[in-house]
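The structure under discussion appears below in the form of structure tokens.
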């Protein structure tokens, strides 16, 4: 077999010159590319300031979903079907609001127990929601939530964690979850 032809090499000076030229060319490309991408970005991200002048108009009142009337506390036992004012009488002013802007009280700071009461337009409580940070069993939760049942409530049906009661205010459903319950006055 014939030997492979020998590669021809460029003179060493020419190799260095070509390498430097290629490096310079790449450097110019990088600088041009960087300049092109940085310039629009910095211009686009500069904040613009809007100047407003004060007006002499009076602000209009904004409608709120909070009730416009003040509830005068009464001192009966707070129960579902009873007046919302009994909850104010026992727990004071609400700590916060819940669903539909309904009042919510933190009744036990240590266990973070919350009581939320929803009322109809006449101020009659139609739902009570109790949640707690305590590690209550369903039996303990049922015992705590039963305080919000009317005194004449009698259980007549049970399905899993749902308990139904008859009372003089109507039928009531109690649903239990770990450390929470919902009492709902059923519509007749």
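The values are calculated or read from the model by the stated rules, or taken from the named source; none is laboratory data. Treat the numbers as computed from the prediction; the structure is a model and nothing was measured. Glycine gets a Cβ as well: all are built from the backbone with ideal geometry, and neighbour counts include every protein chain shown.
General observations
- The residues of region 135-179 that are touching a helix residue (DSSP H, G or I) at 6+ places or on another chain (Cβ under 9 Å) and either modelled with pLDDT under 95 or farther than 23 Å from residue 124 by Cβ (or both), listed by number, are 136, 161, 176, 177, 178, 179.
- Filtered residues of region 126-139 (kept if surrounded by 15 or more Cβ atoms within 10 Å (Cβ to Cβ) and either part of a strand (DSSP E or B) or out of contact with any strand residue (DSSP E or B) (no Cβ under 9 Å at 6 or more places or on another chain) (or both)): 126, 127, 128, 129, 130, 131
- Of the set (1) part of a helix (DSSP H, G or I); (2) touching a strand residue (DSSP E or B) at 6+ places or on another chain (Cβ under 6 Å), all apply to residue 86 but (2).
- Only one of the numbered conditions (1) part of a loop (DSSP other than H, G, I, E, B); (2) closer than 22 Å to residue 93 by Cα; (3) at pLDDT 95 or above is not met by residue 183, and that is (1).
- Residue in region 23-32 that is outside any helix (DSSP H, G or I), farther than 26 Å from residue 166 by Cα and modelled with pLDDT under 90 present: no
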